[in-house]
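These notes concern the structure reproduced below.
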Amino acid sequence: MARFRLLLLLLLALPPQPSSLPWPDTAQGTMAGLILTALEKATLFLEDRLPTINLDGVVGFQVLEEQLKGVQGKWASDPLLQPLSFRAGQLANALSALLRKSIFYLKQSDPTYLREFQPSIQPGFWKLPHAWTRTNASLVYPWLEPLDSFSEESSDACLVQLLGTGTDSSQPCRLSNFCRTLMTKAGCSGYSLSHQLLYFLWARMQGCTQGLFHQSQHYMDVFCANMMELNRRAEAMGYTYPTQDLFMENIMFCGMAGFSDFYKLRWLEAILSWQKPLVGCFGKPAVTEKKELLEEEGMLAGLACWLASFGSPNKEKKDMVLQIHIVVSNQII
């Protein structure tokens, strides 16, 4: 499917563990409330743009809803956190309503694409990781292909085959020789690499376990090790535009795959500093006085708007950002 344009819920991607629940009268609890406030603003941002939303944005709705449900469940177990849990539940319900509305618009704008990727926006498709691991640097490729090795159309075709939603009415988890070769090819980088990971991540979500998919974890280990290397290079180069998009996409996908070392405080601080203060979204660095939203049609930027409450982290905010990162991940690197 088309590229995910911006990071979804970096801070909420790792639901809090019981030992790190944010008591309301602590800095963690205060920041958890601020996150919910910002998410509520992001929902309004997206609601205004529903008629032009694309499928990536709708998938973003579904992932966000699952994240909120995970957080709500954790907070609901403690009476002191029930107000936060209630707000998270309200927001999840609002997103569910927006999801239904967005599907209405997609049926008009791109019914074929919607049909092919319908499973990815169904409740329960996206599953939060329950076990965590770290990348293995020994799996980094000694070489890289000079160019992206496959097209978006090829990637889409393999994902449709995996989901079993093609016109041939095939069963899910089907694997052609073409897709086997494409999705396991070594040396890929950039969006080709992230699409390879997405393929095996969706295989896990879909429950595919036979044949090649029995090795899904191995391939995700390989791909995320190389995505980590690409992110380190992007950091070393000062996150020059347009590497920011891929940098955030790698964090999202590998975070959903259960790799905790993608959640680094310094990366969070960098991402927050890319924010457009007035709208809270991420876009091109302003080279003129005219400000543009990056890939405005993608609308996935709206899901990152909730970070606006933080602004660019300065020295005074560093401790507060660290506190909330501990709250929601307990996995600070």
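Throughout, read-outs are computed from the coordinates displayed, never taken from laboratory work. The structure displayed is predicted, hence computed values, not measured ones.
Taking a threshold of 27 Å on the Cα-Cα distance, which of the pairs Lys107/Lys264; Lys107/Lys127; Lys69/Lys185 fall above it?
Checking Cα-Cα distances, Lys107/Lys264; Lys69/Lys185 exceed 27 Å.
Once phi is turned into θ = phi - 60°, what whole-Hz ³J(HN,Hα) does the Karplus curve with 6.51, -1.76 and 1.60 give for every residue of region 50-61, x standing for Gly and Pro?
4, x, 10, 5, 10, 5, 4, x, 5, 4, x, 4
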